[in-house]
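Accompanying notes for the structure given below.
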Amino acid sequence: MKFLKILALRGPNIWTYRPVLEVWLDIGPLEDSPSNLIPGFYERLTAWLPTLAEHRCGIGEPGGFLQRLREGTWPGHILEHVTLELQTLAGMQGGFGKARSTSVRGVYKVAVRSRNEKVSIAAMHAGRDLVMAAIEDKPFDVKAAISHLRELVDAHCLGPSTACIVDAATERRIPSIRLTDGNLVQLGYGARQHRVWTAETGRTSAIAEGISRNKDLTKQLLTSCGVPVPEGRIVESAEDAWEAAEDIGVPVVVKPTDGNHGRGVSTELMTRAEVEAAYHLADAEGSEVLVERFVRGNEHRLLVVGGKLAAATRGETVSVLGDGIATVRELIDRQINSDPRRGEEEEFPLDVLLVDKNPAVRFEIERQGYRADAVLPKDVSIIVQRNGNVAFDVTDKVHPEVAAAVSLAARIVGLDIAGIDLVAEDISKPLDVQGAAIVEVNAGPGLLMHLKPAEGQPRPVGKAIVDSLFEEHETGRIPLVGIAGSSGKTRVAKILAKFIQLSGSHVGLACSDGLFSGQRQIDKGNCATWSAAQKLLMNPKVEAAVIENSFSTILAEGLGYDRCQVGIVTNIEPEKHFGEFYIDNPDQVYNVLRTQVDVVLGDGAAVLNAADPLAVKMAELCDGEVIFFAKNSELPIIKDHLKQGGRAVLQKGSGLVLTSSLCKILLTNPAAKPVAADSVEPLLAAVAAAWALGISPDLISAGVKTFTLEQADA
C-alpha cells in the first residue's frame, strides 16, 4: 500500500462541504486480495479495533462495515474506516469518509474528514501500517498509535473552550477561520468579522484585562461602586502578612495578586505560622501578595458574557478519611484521584491531586498536623484541598441580585467576558444577607467547568459568547461571489468587482491576475487559490469579495470559503481538464465544477450559462435562486425559466436586457469600442451576478456603459 499523493482539501471540495484529507493510494497486488480472501484478517482487525462495529457503511446501521469486511472489500475502503476510527479514538471526531477507484487499476482515492490535517495525516499513516500488519499477520501496538495521535490532537487542535465557541458559530452558520496554530479564531468574513481567543474577544479591553490581573486595584474599583469585597491589602513580607492579618482579624486568606486557577491561594488561616507559610506559597506564584478577610462559604465561579450571567458553578473542599492503615498520599489516590471525573488533561472537569507537585496540598495537610507519608488514624478526616474544585453547576440557583452584582462587577472592570469568583454560603440568597463577597474578577476565564461540570447540567457558554458578538439576524458574512468554469472566469471577476465598487463597497478580488483590495494590488501572479481567498476574507476592510476558483484549486485545495451568496459557472469544456487528478470523463469534470453551485446559500443565487447543457444541469443542485445568462434569448431553457418566474440576463442587439416575468430592463453599451464577441458572455455573467447581489440597474448600467475590453484584461 503506497501513498502516491496526499492532499489537504481545506475548504468545500468534490467530496463534502467540510475539509478532508485525500490520499491517492496504490494497493498494487492487493487489488486481487479482498478482505474475505485474507486468512485471519477479519479477526485480527476487529480484535485491534472492536469499535469498528459501530460503523454503518453500506446498510446504514451499526455493523455495516463489518458485514462488508466479511463479504469482501478492498484495502482502500478498509483504510478509510480504520483512519476514521483512529481519529475518533484519539479524540478528533471524523464521520465522513469515501474511497473511490480511479481509471488506473489498483489506484484509489481515499478521503476522510479532517479537522486538523497534521492529525489526519498521522492517522492515515498509522491506519496504513495497522491494515498492513493485519494483512501480513504482524504485531501492531494499537494503544501506542492512539496515544501518539492523542498527543497530536492536544498539540494541534482547538482547545475545548475555543472549540465550543466555533461550534456555536457553526450552528448559526457563521463561518470561521483559524488564524494561528493556537486558539486565535476569526468568526465571520471581512468587515463583519470578530476575533476570539479562548474566552477573550476583539472586544476584550487590554486595560480591563490589566485591571483584572491586579486584584488589589480590582477590589478598589469594586468597593468604590458598592460591590461587596473582603477588606485587605498588599503585603511586602511574611512578617507584614501577619501584621495585616492581625489588623483585619483572623481567619484570613493569603494569595498572589496576579495568580490564576487557585494557585498559591491559602484560606481560613488562623495562626502566624500558617500566614507566614502561606505568604511564601503565594509569593512563588505571583508578583505581589495580598492578605484579605476570610469569607465563610463555598467558592463559586460565575461567568458573565456581554453583561449577562451565562453560567455558575460551585466549589467544594476535598477531604480524605483515614482507615489507620493507608498514608495520606495513598488515601488521596484511592479516595480522590480514582474519581473518573479527575484527570491531568484539560477535558477532565476536576484535576488530579498530585501531592509532590502541589505545594498548597502539602501545606493543607501539614497545617492539620500530618504529612503526606503519615498514616491517617481510623475515622479521622482531614481537608487536603480547600479551593480549585469549582465544577458543580448551580446556574439555576443564582439569586437575581447576585446575578446583577456580578454583571456590575464585570462592567466596572470593563470586561465583555468575565469569570467572577464569589464566596457565599448560599448562592440562592442576596450577598448582603449572608456576608458574601466577590473575591476576584478574571479575564479569559476557563469554560470547561461550564461545558463539562463534574455534576449538573452543561451550559451553552459558547453560544452565549457568539450571541454577544453577533445580533440574532447577523451571520458574519459579506457579499461573496465565487466563480468557476473552464474559461472566462478572470474577466467575469474583474468586471463584477468594478460593478460592486460602483455600488460603494470596498471590494476584494482574488483572481488569476492577482489579489486586490479596492484599487490596491496586494499580490501578483495567480491568486485563484485557497490561500489567496483566505487572505481576502481575513481583511477587515473588505466589504464584498469576488473570488475566482480554478479547476485545479477545487481539486487540490478546496474552495477558500464555506458558502457564497452568488456562485457563477461560466462554461464547461470537459476536454480541457482531462489528464490531471485522474480526471478523464465529462461526468468527473461536472462533479468538480458543481462544487461552486453546491455552496450557494439558500438566499443566494447561482449564475449559469444557459447555452451550456452541463451548466444548465447544475440548476437543480442550487439551494437558492438560479439566474441564467445567454447571448441567445430564444433558447428553450430561457423561455421555460422565465415562465416559471426566474430571472435571466440576455444580449439584445448591442445592449443587454435584465428580464424576468415581472420586468424587462434594457441596458445599452454606447462604449467607444464595442464589446468583443469573446467578452459578451463574461459581461452577461457579471451583470447577472451584480443583479443577484441587489445592485441597482442604474449602477449596473453605468458599469456597462463604461466597460471596455482593456479594463477586463488590465
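Observations, loosely collected:
- Hits in region 315-354 (condition: of a type outside the set (S, T, N, Q) and more than 21 Å from Ala454 (Cβ to Cβ)): Gly322, Asp323, Gly324, Ile325, Ala326, Val328, Arg329, Glu330
- Some residue of region 42-57 being crowded, with 16+ Cβ neighbours inside 10 Å, at pLDDT below 95 and either assigned by TED's automatic domain parsing to the domain that holds Leu621 or not in a helix (DSSP H, G or I) (or both): yes
- Qualifying residue in region 406-417 (condition: in contact with an Asp or Glu (Cβ under 8 Å, 6 or more places away or on another chain) and farther than 20 Å from Gly226 by Cβ): yes
- Scanning region 161-173 for residues that are crowded, with 19+ Cβ neighbours inside 10 Å and touching a helix residue (DSSP H, G or I) at 6+ places or on another chain (Cβ under 7 Å) yields Ser161, Cys164, Ile165, Ala168, Ala169.
- Residues of region 555-575 that are buried (at least 24 other Cβ atoms within 10 Å of the Cβ) and in contact with a Ser or Thr (Cβ under 6 Å, 6 or more places away or on another chain): Ile572 alone.
For every residue, the table says whether it meets (1) touching a Ser or Thr at 6+ places or on another chain (Cβ under 7 Å); (2) over 14 Å from Leu130 (Cβ atoms); (3) surrounded by fewer than 24 Cβ atoms within 10 Å (Cβ to Cβ); (4) outside the structural domain of Met132 (by TED's automatic domain parsing).
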position: Gly63; (1), (2), (3), (4): no, yes, yes, no
position: Gln67; (1), (2), (3), (4): no, yes, yes, no
position: Val82; (1), (2), (3), (4): no, no, no, no
position: Gln87; (1), (2), (3), (4): yes, no, no, no
position: Gly91; (1), (2), (3), (4): no, yes, yes, no
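- Single match in Arg314, Arg341, Arg329, Arg334 (criterion: touching a residue at least 40 places away in the same chain (Cβ under 8 Å), more than 25 Å from Ala464 (Cβ to Cβ) and charged (D, E, K, R)): Arg329
- Criterion (out of contact with any strand residue (DSSP E or B) (no Cβ under 8 Å at 6 or more places or on another chain), under 28 Å from Leu222 (Cβ atoms) and either surrounded by 17 or more Cβ atoms within 10 Å (Cβ to Cβ) or not aromatic (Phe, Trp, Tyr) (or both)) met by exactly one of Leu447, Leu451, Leu469, Leu431: Leu451
- Candidates Ile638, Ile700, filtered to the one that is modelled with pLDDT of 85 or more and touching a helix residue (DSSP H, G or I) at 6+ places or on another chain (Cβ under 7 Å): Ile700
- Selection status of Val481, more than 30 Å from the chain's Cα centre (by Cα) and hydrophobic (A, V, I, L, M, F, W, C): no
- Glu299 farther than 30 Å from Val402 by Cα and not in a loop (DSSP other than H, G, I, E, B): no
- If you go through region 555-608 and pick out every residue that is in a helix (DSSP H, G or I), of a type in the set (A, V, I, L, M, F, W, C) and touching a strand residue (DSSP E or B) at 6+ places or on another chain (Cβ under 7 Å), you end up with 3.
- Filter pass, Ser517 being within 25 Å of Leu601 (Cβ to Cβ) and either at pLDDT 95 or above or acidic (Asp, Glu) (or both): yes
- Looking only at region 555-576, and only at residues there that are over 34 Å from the mean Cα position of the chain (by Cα) and not charged (D, E, K, R), the one that is farthest from Ala689 (Cα to Cα): Pro574
- Within region 627-646, residues that are over 22 Å from Gly602 (Cα atoms) sit with their Cβ atoms under 8 Å from residues that are of a type in the set (Lys, Arg), at 6+ positions apart or across chains, in these pairs: Ser633/Lys652.
- Checked across region 300-310, the condition of being modelled with pLDDT of 85 or more, among the aliphatic types (A, V, I, L, M) and closer than 19 Å to Ile248 by Cβ holds for no residue.
- Only one of the numbered conditions (1) hydrophobic (A, V, I, L, M, F, W, C); (2) in contact (Cβ under 8 Å) with a residue 60 or more places away in the chain; (3) within 30 Å of Cys164 (Cβ to Cβ) is not met by Leu45, and that is (3).
- Counted residues, region 499-529 - those being assigned to a helix (DSSP H, G or I) and touching a helix residue (DSSP H, G or I) at 6+ places or on another chain (Cβ under 6 Å): 2
- Failed condition for Pro39, given (1) more than 19 Å from Cys157 (Cα to Cα); (2) under 24 Å from the mean Cα position of the chain (by Cα); (3) of a type outside the set (D, E, K, R): (2)
- Residue identified as among the hydrophobic types (A, V, I, L, M, F, W, C), farther than 23 Å from Glu200 by Cβ and free of Cβ contacts under 8 Å to residues at least 60 places away in the same chain among Ala404, Ala436, Ala424, Ala454: Ala404
- For region 215-240, the set of residues classified as free of Cβ contacts under 8 Å to residues at least 40 places away in the same chain and aliphatic (A, V, I, L, M) consists of Leu217 only.
- Residue list for region 427-459, filter: under 11 Å from Ser161 (Cα atoms) and out of contact with any Cys (no Cβ under 7 Å at 6 or more places or on another chain): Gly444, Pro445, Gly446, Leu448, Met449, His450, Lys452
The values are calculated or read from the model by the stated rules, or taken from the named source; none is laboratory data. Computed from a predicted structure; not experimentally measured. As a convention, Cβ positions derive from the backbone with ideal geometry for all residues, glycine included, and neighbour counts pool all protein chains shown.
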